[in-house]
Each structure stands twice: as C-alpha cells, then as structure tokens.
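Just below is one structure, and these are the notes that go with it.
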Amino acid sequence: GHATSFFGPTLERYSSFQVNSSDDIRQIQSLENGVLFLTKTNLKYLSRGGLIIFDYLMDESEDMHSLLLTDNNTLLVAGLQNHVLEMDLNTVQETQKYTVEVPGITIMRQSNRFFFCGHTSGKVSLRDLRTFAVEHEFDAHSGSLSDFDVHGNLLVTCGFSSRMNGLACDRFLKVYDLRMMRATTPLQVHIDPFFLRFIPTYTSRLAIISQTGQCQFCEPTGLANPADIFHVNTVGPLIMTFDVSASKQALAFGDSEGCVHLWADSPEVTFNAYSRETDFALPCMVDTLPHLDWNQDLVPLSLIPVPLTNDALLSDWPAANSAPAPRRAPPVDPEILRTMKKVGFIGYAPNPRTKLRNQIPYRLKEMDNEFDNFSQVPESPIGREEEPHLYRVAKKYRKVVTIKYSKLGLEDFDFKHYNKTLFAGLEPHIPNAYCNCMIQVLYFLEPVRCLVQNHLCQKEFCLGCELGLLFHMLDLSRGDPCQGSNFLRAFRTIPEASALGLILADSDEATGKVNLGRLIQSWNRFILTQLHQETQEQEGPQAYRGAGSSSFGSSGDSVIGQLFSCEMENCSMCRCGKETVRVSSTLLFTLSYPDSTEKPAKDYEFAQILKRSICLEQNTQAWCENCEKYQPTVQTRNIRCLPDVLVINCEVNSSKEADFWKTQAEYSFQKAMMKRGGFDITKAKEISLGEWKDLGNPDMGHSYPSVEELKNIWIPHAIKMRLTKSKELDVSNWSETDELSPTDDPESVYVYDLMATVVHILDSRTGGSLVGHIKVGETYHQRKEGVTHQQWYLFNDFLIEPVDKCEAVQFDMSWKVPAILYYARRNLNAKYNLVSECPV
C-alpha cells in the first residue's frame, strides 16, 4: 500500500507516501491535479506530493481490480463482483451501477467504439459506450486472461490454457479484427507472454513481456523474430508490472523486489507530450548568515545586516564633533548669466537647453583638484574607484598599476598592498611581459621547474637557461616581485618568436590593439616547442630518472617531450580509396567546436568536446599520389599514448565560440541546480542575496556551497582518459574525490586534475590583460610557508591572491574569456625524484 514517485529520466525520488495500511494497490491512474489509487475496497485521490484530495470507501464485500477513466470527470471501477460502478469525480458519488453477466472483470480498455472488458474466465466482452450492454464477446483463452490491448482495428490478447487440470501459458497471441469481428491468424512468440502493449510510434508494434524479464517486439500481423528479444536485468526473480509512457518514448518495468527499470530510446526522454511544470518542495533553508573571510578586501561588510537595537550606535557622533559637508552647488552656466533679467532681487532667463532635466555632473573638477596633493599613493586594483557600479571587471582582475620609481627605487612602493602571500609575482612594465601568467604556470609545474633549474648550456641566448635563472629568483623571493628582463631579452632574439608575431611593440601593448587571448595561446605553443628543442640534445639529469626507467633524457628525447608529447596517427583517405598513414607528435591540443547553427543549441559535456578535438576528423583538399592531383580527402587523427600533462588551447577567438561556452555553462548550471535541489532556474531569473545560502544538503556530496558559485562553470576539475586495447580513446568528466576502481589498468587509464587556467580579461579602459589561476601544490607551500596543503591562487602580475577553486573555472564571457587549460596527471610528482641542483 505504499507509493513512491520519481522525476525525470534519471528517476530522482520526488515523493513517497502511504496509500493504504492493509491492502495492496491494484491500479494507478494519473490525472491533471493528482493520482488515483485503487485498492480492494477503497478509491483514493491524492496529490503528487501525497496530500489527500478525497477518499471513497466501498462496501466491504467488494473486490475491485481495475478502473477506467472514460472522460475527464467519469470513472468506471470493476472487480470480481457481478457489477461495474460508474463514479463522478467532481461530486465523488456513485452515479450508475451496471450489472455484468460474467463476473470477474480485471482489465478494462476503451476505443472510440467500445468498452473492452477482460474477464478472469479468458473472455473479452465488447460493450456499448452509452448503455454498457454487451455487443460482442470473444472467447480468447480457455484458462484465464493475462493481458490484452487495443489499437486501431486490432485487439490482441495473451493468457493461459487449461491443460491436465492446470493452467499453462499460451505462446500464441490471439489477434482479432474489430472491423469484421472475427479472429485472424494467431501470432506465435518465442517467450511466455504475460504483459503486452501496443507502441504505435511509426508502426503498430507490440511489446510482449514475460515474467522472467524477456521482452520481444513484433508486428501483430507479421512473424516474431527471435533477434528482437531483449532482456531486463531484474533485481527480483519476476516482472510484476509493465507500462508504456503516454509519449511512447519510455518503457517501465517493475520487479518483485520493488525496483523500477526504465528503458528509453534517447537520454533526454519525454514521458508526456504536453507536460506541465513540476512543483518541487522548497529546500530546507537554514537561517544563517553568509560566511565572510576577514582577509578579503573585496567583501563588503554590508552583506551582514546590522541588528536592530534601542541603544546608541558607535557611529552616532555628537553634533559638536561633526560638521555637515553638503555637496557644492555647480557654477551657473555663463549663457544663463548673460541672458538673465532681474526684477527686484529675482533673476530669470530662458533655458539654454545644454543639459537634460535634472542632469548635473556628479564629480566636479574643482573637487578633484583639492585632492591632488594626496594622490602620491598609487591606486590599487583592490582600492576604491570612481563609479564602481559601472565597472564590470572585478577589481582584482584589472590590470595592475605601473610602478613609478622615486628616489628610493622599489623601497617606496608597497607591494604587500597587492600580495600578502610569500609567493613572488612578476613586474609588468617590461616589454612583452604579457606572458607573466604563463611563466608562473610553468614555474608551479614541478617537473618543468626542476628541468630548467638543472639545465645549463653554452648558448648565448637560451630560453631554458634564462627561465631556470628566473625560477631560481622566484624560489628565493619572499613575496617581493621579480623581473623577467633577462628571459624576455633572450626571448626577443629568437627568430621564430618574431616570425610568429610574438614580439610586441610598446605602443601595441599600451593601446590594447592586440588580441591577447590568441597571442598567449601562440606563445604557449612556442615555449613548449622551444624548451623541447633546447633540452632534447642533452642527457637527462639524474633527478629525472624514474623508478622504472634507465635514462629519462635519452638522445632525441627530452623531459618536455615525456611530459607533454603525444604520439598521433594521422590517416588521410582519398575518395579513390587510397589511405595514407603518418605518425607525428604534438605538445598540446586545440579545442574544436561543433557547428552551432542548430537551434536550440545542443548540450555537450567538456569531455565530449575534448575527445572531438583530440580525435579530430575533417574534410580538406590534399594531394593524392594515386590520382596525381588534389582531391577531397577525409583526414582523421587518433592518439597512441597519453601525456602526463594535458595542455589545451581553448581557441575562443570570436563571438561564435564565446556563445558556445556561455550556452554550455547555462546547461551545466541547470543540471547542477536540478541535481542539488530540484530547481529549474530560468535564464531571466536573477539570484538574490537570500539565495546565496546553500540549496540542499552539502553533506550529500555537493561540491559547491552556493548558487553563485555554480554559475558560468562548464569545465570539470578532473578528467578521466582511457586508451582501449584497440587504441580507441574514452574521455569522461571526473571528480576530484573519485579514485580509479581496482579493475582499471593504471597504465591505460589516466586521471587528470586541473592545475591551471589562463584567462583573457576584456577591459576597454585598460586594453585588457592576461591572468592565471594556478593550483599551488604541497611542495611549494612547504618551501615557502612550512605547511603542506594545496590552494588555488590568482596571479595578476605582482598581485597574488588566494581564490576558491570554483572561481578558477568560472568564465563570464563578457569580460573573462578562457585561453589555456593545464591538466596534470594525478600523483604526477610521485613519478619523478625531483631534486633541483641549480648549476648557477
């Protein structure tokens, strides 16, 4: 007598309540405002949440088994007795009682011509829609009737036959033509039929179910094919019930252990053709105030309201200790003074129409000049600025101020105002310092740091040597910024860097004419290639000899190659049939996005786009040796091995890609909200301060504590990649807390954790900038602060600030555009004996 409802294709529990304390539920009928439940002597109408709308008790001698909704307000109820009750749902009263000649009606169906009543004796009677009189009767089965269904002009039954003083399941389905009112050729099936339903989507297919969990699909006028038999993985030994959704897109099976099995033709299944919005219960709101981090300068104290009190406040100063400071009146327009006429002491003049009504400059120039003597302290990105409500870029992400040297040099500049950590920033005033954030990313990648610090060669301009020196300076610094002058000077001498357009003039950086997002992605590809070339000729240092390898840096290879390189198989197929396979390697991957012309936009997981980008397939014109001319060629790319560090260029260079990221983030937000609390937040809904509180229980596995922290997130914090034995790649989103199962081979299954994100800040006032979010590991905290923990930090030149992990993956495409992602293999540092012996 207990009922439980589930929501959506994932079968999330919606409600659960007790219908009857003693009797079982015989049939369920869903209505617009609730659900009807039929028990042995009771008809209950309850809301979907379990509230009773009405409860109708019948005579104790009744034994009801089936009900049929004939229209919106009329219901037929039948059972093992010799009558059928007609009830009005509006008045909840019995309106008619029809006498039946053969008792025991357990199944009822309806068409536009007849009522169909299935009896326990194996007969099916066809009754008039108005008088309920018997028009026709089919003696379908000699034993008993199990199930039947009606569609169009066909009636199909299944049941039992009497054999040797017992009942045996009849493997022949009886098929009747309702136009001629006679039986046609019976349909022989390969299972013991117990339930059957028509699924009239494209054809009038039948779904035939046995109690052991076998399911067969066939046409009622054709032959049953054994290949169309499917099996339900039942928990209990028997299938007890079966039904088809109103949209014919889903099949539901219920077994004897109380489990529901859902089959559907697509992941996004629709149960009803015209569904209404589902009402969800409000989550349990705990009346607590949001947590404030006292070390964060950006959090306003007004988030916590002041309690009402009758006592005097500390801010209520006596009038003697304060002086009113009214806003100064602006000067009168000279045109008004010129045309003014005086009558007594009153002057009047026509409106010169130079300003709109009530328009006045908020800040007067005279007032600004009064504070010029106090502007020696440089303006801070976390300080107060004019009209902050007009600035959409968060203060800590804005371009930091230029350092103005005085007579005392750097000692006159307070860097602690921008960096309260012991990690070192980089000064931004040097030409081509746009790459500061990427230098920090490489520095906090422990194998790369040890590689370049152990590197020493005889070249005059070697980026590896200069980068090792810069990393050594970052190691020694205790919060003070460092200069990358030597590295950037060597960088400007590389011919390839100039050819790729990576060398900027001072005017280009100042005016903001350069697309920094595209530039830093090209710089990322260049620096990895350059370091790989500069280090592959030398023997790998002792620090990089792993436990199972003899020489990590053999001739022709490098640690950069070991970390980032992937061996790729490029296959070109001409339409003449000639196939060309070429093996190459790559140090990073560029995201390839699907065509966004389809409306509405499709929901993609980040893992799907990543797999599409790695295993790329494209059509292009290429030279064919067989045809001896350029031909349309299908080029496919497959990966042969997985890297230790996965580097991804996001390639968000136009509004098309930005709209794609924005749409996918909205889909992810909707799914996260549905997973947490069952809420569907529409696009137009704004999140108020009160909704900052946690929706749902955070102890149930939710990784984000507030609604705001779920916005603008699409990329996962971890990715699982697997190479099958046939060298096919599987990519899936993963969780930071999940571990591999014991059956997974660690040599072919890699879990990557997000290590860094580089973003392009769009700011029309300053020309934009590049910042990085970096997950600093335990070894760096141990060296700098003497503690062992991991923490995400924002690196904006010499501004360094700890941030939450969700902020590292939040991308508001109006001002914060993703450029580069770094995923590092889990427990990467354990693979190497990382000992840095700086040769400088």
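The values are calculated or read from the model by the stated rules, or taken from the named source; none is laboratory data. Quick caveat: nothing in here was measured; it's all calculated off a predicted structure. Cβ coordinates were reconstructed from backbone atoms using ideal geometry, including for glycine residues, and neighbour counts include every protein chain displayed.
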Top-ranked residue in segment 717-736 [being assigned to a loop (DSSP other than H, G, I, E, B), of a type outside the set (V, I, T) and at negative phi; ranked as surrounded by the most Cβ atoms within 10 Å (Cβ to Cβ)]: H717
Filter pass, I609 being in contact (Cβ under 8 Å) with a residue 24 or more places away in the chain, crowded, with 16+ Cβ neighbours inside 10 Å and not basic (K, R): no
Number of the condition not met by S592 [criteria: (1) farther than 22 Å from S726 by Cα; (2) modelled with pLDDT of 90 or more; (3) part of a strand (DSSP E or B)]: (3)
Residues (surrounded by 12 or more Cβ atoms within 10 Å (Cβ to Cβ), touching a residue at least 24 places away in the same chain (Cβ under 8 Å) and outside any strand (DSSP E or B)) located in segment 159-182: D170, L178, M181
Matching option when the condition is free of Cβ contacts under 8 Å to residues at least 60 places away in the same chain, farther than 18 Å from L646 by Cβ and surrounded by 15 or more Cβ atoms within 10 Å (Cβ to Cβ), among H781, H789, H773: H781
Scan of segment 87-112 for residues that are more than 50 Å from the chain's Cα centre (by Cα) and either surrounded by fewer than 17 Cβ atoms within 10 Å (Cβ to Cβ) or in a loop (DSSP other than H, G, I, E, B) (or both), ordered by number: Q93, E94, T95, Q96, K97, Y98, T99, V100, E101, V102, P103, G104
Test: residue in segment 227-246 that is part of a strand (DSSP E or B), surrounded by fewer than 18 Cβ atoms within 10 Å (Cβ to Cβ), at pLDDT below 85 and out of contact with any Lys or Arg (no Cβ under 9 Å at 6 or more places or on another chain): no
Residue in segment 633-651 that is within 31 Å of the chain's Cα centre (by Cα), over 17 Å from S565 (Cβ atoms) and assigned to a loop (DSSP other than H, G, I, E, B) present: yes
Meets criteria (within 28 Å of Q562 (Cβ to Cβ) and hydrophobic (A, V, I, L, M, F, W, C)) for A433: no
Some residue of segment 210-218 being among the β-branched types (V, I, T) and at pLDDT below 85: no
Criterion (more than 41 Å from the chain's Cα centre (by Cα), of a type in the set (S, T, Y) and at pLDDT 85 or above) met by exactly one of Y45, Y56, Y14: Y56
Among the candidates V156, V150, residue that is of a type in the set (A, V, I, L, M), assigned to a strand (DSSP E or B) and free of Cβ contacts under 8 Å to residues at least 60 places away in the same chain: V150
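To keep it simple, each residue is scored yes or no on (1) free of Cβ contacts under 8 Å to residues at least 40 places away in the same chain; (2) under 22 Å from the mean Cα position of the chain (by Cα).
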residue: K711; (1), (2): no, yes
residue: I715; (1), (2): no, yes
residue: T724; (1), (2): yes, no
residue: T737; (1), (2): yes, yes
residue: T743; (1), (2): yes, no
residue: Y752; (1), (2): no, yes
residue: V758; (1), (2): no, yes
residue: D763; (1), (2): no, no
residue: G768; (1), (2): no, no
Answer residue from segment 204-221, given it is of a type outside the set (S, T, N, Q), assigned to a loop (DSSP other than H, G, I, E, B) and over 37 Å from the mean Cα position of the chain (by Cα) and is surrounded by the most Cβ atoms within 10 Å (Cβ to Cβ) among those: P220
Odd one out for S654, checked against (1) crowded, with 18+ Cβ neighbours inside 10 Å; (2) small (G, A, S); (3) more than 23 Å from S732 (Cα to Cα): (1)
Search result, residues across segment 21-44 that are over 19 Å from L80 (Cα atoms) and either buried (at least 17 other Cβ atoms within 10 Å of the Cβ) or basic (K, R) (or both): G34, V35, L36, K44
Residue in segment 304-325 that is nearest to D293 (Cα to Cα), counting only those that are of a type in the set (S, T, N, Q) and assigned to a loop (DSSP other than H, G, I, E, B): S315
The one condition in (1) without any contact (Cβ under 8 Å) to a residue 40 or more places away in the chain; (2) of a type outside the set (S, T, N, Q); (3) under 21 Å from A3 (Cα atoms) that D228 fails to fulfil: (3)
Boolean, L187 is hydrophobic (A, V, I, L, M, F, W, C), without any contact (Cβ under 8 Å) to a residue 40 or more places away in the chain, crowded, with 16+ Cβ neighbours inside 10 Å and under 17 Å from A224 (Cβ atoms): yes
